[in-house]
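Chemist: Have a look at this one.
Coordinate-derived values only; no laboratory data. Because the structure is predicted, anything quoted here is derived from the model rather than measured. Cβ atoms come from the backbone with ideal geometry, glycine included; neighbour counts cover every protein chain shown.
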Amino acid sequence: MSRKCEVCQKKTTVSRQRNKLMSKYNPTPKQKKYPNIQSIFINEGVPNSFKQFIGKRIKACTKCIKTLSK
């Protein structure tokens, strides 16, 4: 199961969370941040950026789903 948006190619990123103690930042381990991926079915009457997905079930991030509903 891929964690990647099929429309905008958004995927997992690696980040760090910084802990400040007094005047110094303590080292912390890396963390993975995952996009909010949802499985949706694309119907007729969609914007041009979604034309290639008509009649298919795809995994899209919530930002793309919001764009689709406009």
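Chemist: Mean separation of Cα pairs under 8 Å and 6+ residues apart, divided by the residue count of the stretch 13-69: what relative contact order is that in percent?
Modeler: This gives 28 percent for the stretch 13-69.
Chemist: Residues of the stretch 6-49 with the amide nitrogen closer than 14 Å to a label point 7 Å from the Cα of SER69, along Cα-to-Cβ, please.
Modeler: The answer is 38-41.
Chemist: Here are some pairs, LYS32/LYS66; LYS11/LYS51; LYS32/LYS59; LYS4/LYS24; LYS30/LYS51; LYS24/LYS63; which of them have Cα atoms lying more than 27 Å apart in this structure? All intermediate terms of the calculation are to be shown ahead of the outcome.
Modeler: Working: LYS32/LYS66 24 Å; LYS11/LYS51 22 Å; LYS32/LYS59 19 Å; LYS4/LYS24 36 Å; LYS30/LYS51 38 Å; LYS24/LYS63 36 Å.
Listed pairs above 27 Å: LYS4/LYS24; LYS30/LYS51; LYS24/LYS63.
Chemist: Still on this structure: Over what distance in Å are the Cα centres of the stretch 52-69 and the stretch 1-22 separated?
Modeler: Here the answer is 20 Å between Cα centres.
Chemist: Percentage of Cα-Cα pair distances in the chain greater than 16 Å, rounded to whole percent?
Modeler: For the chain, the fraction of Cα-Cα distances above 16 Å is 57 percent.
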